[in-house]
C-alpha cells in the first residue's frame, strides 16, 4: 500500500513541498526564540539558528527522497520533456507517427484477422473437451463424412467416450416475407445441442427431446443475440413468429451475446430442431420423403464432450468398439469405414484448420516485416536527430547526469512516439478491417463475424507492437548516443558527421540498406501476387461457357417454401416465359455454375463393372441448358423436354470429355451405359438415390469439360443429369440474349428480375448477374485478388517508408556535411563531382540493399509459391519490375538532396564554421 | 557533542524519536531538543537526519502529524505516537536492550 500512497503523494507534490518548507521555517523560528531566550540579540539568534539547522535545500531534498517514487517521477518528467521536444519538431513528429501508425496498423489489422479466425476462444464452454467424430474411408483416408440421424442416435447411446454428443447440420435459410427475404446461416440441431456446448438461452427455453424426432415438424426457432438486435431488439420477439422459408416459426429462445455456434468466421443466426430438417435443410431431394430418418444420409456433424478424465489416447479402444457396432447396424453405409475423432473445425467446411493457420502465419510474418521496416526507419530518424543533440547529451553527462538516466529519457521519448503511432495504428486497423468486411460481405450473403470494433485482445496486441517498436527503434540510438566521449562532443561542431569508419567500402548507413532489402522482399512478393491475380482473371474467363450476353439468375424455390414438385413446375413455367422474352435466345436451368465453389460429387462406373468406379462432379440441367450456356455438344444430343421434366423417363446422362476418356479410353462413350454408385462423400446424393443404384444410364451426349474450381490444373471429370433426376431447389437460370436490351446490362437485369416477380412473387431472387460479373465476384478470385491487394499494400507501405528513410538520411547527411562539401568545393571540387559523390554513396546503400533483398525475395517466393496462380516463384517479370521500381524510387530520393549539395556556397559555410 | 550522525547505529534514531514522543506530542524542534536533554547533551540530532526520519516513520504509520500551535504561539507540526508506533517502540526498546547486553558481554563488561 505504501507505493499507492507514494503515487498519491506524487500528485500532491506541490502541497507537500510547501508544508515541508513551512515546517522547517517553524523549526528555525523556534530555535531563534530559544536562542533569544538564552540571551542573544534577535539578528544573531536567527543567524545562529540558521547555522545550526544547516542547508535547508539539501535537507528538503533528503526528506523528499523518503517520500517519493523516484523512477515514476523521473518517468513523468521524461514524458513531459519528450512531449515538449516532439511539439517543438512537428515535422519530425508527424513523419515518425505516420510511419509507426502504418506499421502498427498493418500488424493490428492482420492480428485482428488471425485472432478471429484462429485464436479467439470458441464461444461455448470448455472447448478443449469438445471433439468431432467422423467416418473415414479406409481405402482413402482423405475422404471423411458425417452421419445420418439413426447413426447419431446409436453413437450417442453406445459410446464410452463422451458424456453426451450433439448433432448439427448447417444450412442456409430464407428469412422474411416474399421480396424481403434475406439469407441467413442456420444450424439444425439435436435437442441436447445447448446443454452439450454448455450455453443456455438468456431468454426462453432450449429445444425439447420430442422436437428433434423425425417427422416432428414443430416450427420453433432459437435466435442469436445479433439476430434479435438486428430485428429491433424487442423483448416481445420471444413468442412471436418469423417467416423461415416462407413458413411461420415461433421464437422460443434468444441466445446470449457473442454465442456464434460452433463455427468462428460467420455467425449462426438461427437454431432449429432436427425435427424440421426436411423442411429447411435444402438438401438435394427435398420433398423426396423423410430425409432425417434415412440411414443413407450423412448430413449431421457429431460433436461430443469428453467424459471427465477421458483423453484422446484412452478413447482409441472405445472408438474401435463403436466402429464395430456401427458397422453391424449399418452394413451398407459403414462398409470400409472407420470412426475418427478430432478437434472440431473452426470453419464450416474445412476438415482441418492447418491451411488457414499457415496463411495466417504468413500474413503475420509479412506484417511483421512492415513493422520492422518502420522501426528501422525510425531508428535512423532518431539517430540522425540524436546526432544533433550530441552536444546537449554530452553536456548532461559532463554535469554528472547518469548514463542510465539519459538512456531512460531517450527511451521514454521513443515510447511516446510509439504510443501516438499505436493510437493511429488502431484507427487504421479498424478502418481496414471494416473495408475487409465490406469486401467479403459482397461475396458471401450471410453474416460474417469479424469484429471491427477494437476488442481487448486488439488493444493488447497494439500495445505489444508499441512496446516492441520502442525497444527496436529507440534502444539502439539511446545506447549509442549516450556512449559519451564527452570532451570530443563538446569541442566539435554540434551535429557534424565525425564518425570514424573503419570499413569504408560498406554502406555508410547499414540500417537503410536493411530497410531497402526488406522492402524489396515485400515488393517482389507483391509483384508475384499481382501477376497471380492477373492470371486468375484470365483463368476465370476460361470456364468453358460462352459468357457473352449470358445472364445468370440464382433462385431457390425452397426458400419460398416450395417442395420439389412445385419447384419443378415453377422453374418450367419460368423457363418458358424467359425464352419467350424478346431478345432472349434460350434459357436453361442448371444446379451449378463454373467456379461456384459448389461441388456435387458422385461415384460413377461402367455398367456392371464396379472396379471402374471413380468420383465425378455432376450437375442437374434442363433441356435448353447447353444451348444457353454455349456448351457445344461434341457428340450426341441434349436432353429432351420429357427427360428434363419427368423423373420417370428412361435414365439418360450426358458426360464431359474427361469422364468419357476415363471410362472408355479405347472407344466411343456414346450409347454406352454407366451406373451411379453409393455416394461416399459429403456432397449431396441425388434424389431417390438408392432406388437407382442398379439403374443403368445411357450416355446420350458428350460435351467439353468445364472448370469447377479456379485452382484445378486439369478440368474435372463431370456429367450432367436431366433436371428431374438431378434436382436441387437451388438453381441458376442461364439466360442467353442475342444482344443486350436497350439500356445496357442494368436494364436487362431489371427486366429479367421483373419477369421472375411476375411468374411468382414469393420467389426470392438470390442474385441476378451477367456471367462476367458472376465470375468477377467469385470467392476464389476474391482470395487471389485479396492476396494481391494485401501484398501490394504491404509492399507499397514498405517501399514508401524506405524511400522516406533514404531521403531523410541522405538529406540529413548533406546538411551535416555542408562544411566538408564547402571545403571540397573551395579546394576545387566541381558541383557535379560533389553530386556524384553523394549519389555514389546512395548507390552503395542501394546495391547492398538490393543484393540482400533479392536473396530474401527468393526465400519468400519459395514459401508463397503454393498460393500463387499460374506464376512461378522465380517469375522473371516480378524479379525485374520490383527491383526496378525500388531503384528508381531510391535514386530519386538520393538525387534531390544530392542536387542540394551542389548549391552549397563555400564562403557561407566556411564563415559559419 | 560526542556523537555525529555517522556514529549513530542504523535505526537508533528511529528509536530515539519514538521514545521522545512516548509521553506527549511534539514538533520536530522539540524532538531534537528532547533527545539532547535526555542524553544530557551527549547526543545532538542533525536536522538533515531528523526530518527524513520523521517522514519515514510517518510513512510506516508509527507516528502521525498535525498542525498545531507551540507554547510560544508559533504554528508548528506536531507528531504523535500511533498505537502501532507504541508497539514498535516496545519492540525496539527490547531489541536495543538485548543488543547492548550482547555488546557489553563481547566487550567483557558484563
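The values are calculated or read from the model by the stated rules, or taken from the named source; none is laboratory data. What you see is a predicted model; the values in this text were computed from it and never measured. Note: ideal-geometry Cβ built from the backbone for every residue, glycine included; neighbour counts use all protein chains shown.
General remarks:
- Among the criteria (1) more than 30 Å from residue A:793 (Cα to Cα); (2) surrounded by fewer than 14 Cβ atoms within 10 Å (Cβ to Cβ); (3) modelled with pLDDT of 80 or more, the one residue A:400 does not fulfil is (3).
- Yes/no for residue A:160 being at pLDDT 85 or above and assigned to a loop (DSSP other than H, G, I, E, B): yes
- Flag for residue A:101 being crowded, with 20+ Cβ neighbours inside 10 Å, more than 14 Å from chain B (Cβ to nearest Cβ) and at pLDDT 85 or above: yes
- Scanning region A:121-138 for residues that are more than 14 Å from residue A:340 (Cβ to Cβ), touching a residue at least 40 places away in the same chain (Cβ under 8 Å) and not in a helix (DSSP H, G or I) yields A:122, A:123, A:124, A:125, A:126, A:130.
- Per the conditions (1) within 30 Å of residue A:603 (Cβ to Cβ); (2) surrounded by fewer than 20 Cβ atoms within 10 Å (Cβ to Cβ); (3) in contact (Cβ under 8 Å) with a residue 24 or more places away in the chain; (4) out of contact with any helix residue (DSSP H, G or I) (no Cβ under 7 Å at 6 or more places or on another chain), the sole criterion not satisfied by residue A:185 is (2).
- For region A:22-41, the set of residues classified as more than 11 Å from chain B (Cβ to nearest Cβ) and assigned to a helix (DSSP H, G or I) consists of A:35 only.
- Among (1) surrounded by 20 or more Cβ atoms within 10 Å (Cβ to Cβ); (2) within 30 Å of residue A:556 (Cα to Cα); (3) within 27 Å of the chain's Cα centre (by Cα) - the single one residue A:130 does not satisfy: (2)
- Within region A:63-70, one or more residues are modelled with pLDDT under 80, within 12 Å of chain B (Cβ to nearest Cβ), part of a helix (DSSP H, G or I) and surrounded by fewer than 17 Cβ atoms within 10 Å (Cβ to Cβ).
- Of note, residue B:84 satisfies the criterion of being farther than 26 Å from residue A:59 by Cα and at pLDDT 85 or above.
- Filter result (surrounded by fewer than 17 Cβ atoms within 10 Å (Cβ to Cβ) and touching a strand residue (DSSP E or B) at 6+ places or on another chain (Cβ under 7 Å)) within region A:328-338: A:336
- The sole residue among A:183, A:126 that is at pLDDT below 90 and within 30 Å of residue A:757 (Cβ to Cβ) is A:183.
- Only listed residue being under 12 Å from the mean Cα position of the chain (by Cα) and over 25 Å from residue A:58 (Cβ atoms), chosen from B:22, B:40, B:94, B:90: B:22
- Comparison of A:87, A:113, A:118 shows that the only residue that is assigned to a helix (DSSP H, G or I) and more than 30 Å from residue A:414 (Cβ to Cβ) is A:118.
- Criterion: in contact (Cβ under 8 Å) with a residue 12 or more places away in the chain and in a helix (DSSP H, G or I) - qualifying residue of A:249, A:227, A:207: A:227
- One residue stands out in region B:29-41 among those that are out of contact with any strand residue (DSSP E or B) (no Cβ under 7 Å at 6 or more places or on another chain) and over 17 Å from residue A:23 (Cβ atoms): the one that is nearest to the other protein chains (Cβ to nearest Cβ), namely B:37.
- Residue match in region A:448-456 (condition: modelled with pLDDT of 75 or more, assigned to a helix (DSSP H, G or I) and more than 16 Å from the chain's Cα centre (by Cα)): yes
- Residue in region B:88-102 that is surrounded by 14 or more Cβ atoms within 10 Å (Cβ to Cβ) and at positive phi present: no
- Filter pass, residue B:13 being facing another protein chain (nearest Cβ under 10 Å) and surrounded by 18 or more Cβ atoms within 10 Å (Cβ to Cβ): no
- Residue, surrounded by the fewest Cβ atoms within 10 Å (Cβ to Cβ), within region A:230-271, restricted to residues that are in contact with a strand residue (DSSP E or B) (Cβ under 9 Å, 6 or more places away or on another chain) and on the phi > 0 side of the Ramachandran plot: A:239
- Every residue from region A:706-724 that is part of a loop (DSSP other than H, G, I, E, B) and modelled with pLDDT of 90 or more: A:723
- Residue within region A:42-56 that is facing chain B (nearest Cβ under 10 Å), exposed (fewer than 14 other Cβ atoms within 10 Å of the Cβ), touching a helix residue (DSSP H, G or I) at 6+ places or on another chain (Cβ under 9 Å) and at pLDDT 75 or above present: yes
- Matching residues in region A:529-559 - criterion: being in contact with a strand residue (DSSP E or B) (Cβ under 7 Å, 6 or more places away or on another chain) and modelled with pLDDT under 85: A:556, A:559
- Search result, residues across region B:51-110 that are within 14 Å of chain A (Cβ to nearest Cβ), in a loop (DSSP other than H, G, I, E, B) and either in contact (Cβ under 8 Å) with a residue 40 or more places away in the chain or more than 21 Å from residue A:31 (Cβ to Cβ) (or both): B:61, B:62, B:70
- Residue in region A:142-156 that is in a helix (DSSP H, G or I), modelled with pLDDT under 85 and at negative phi present: no
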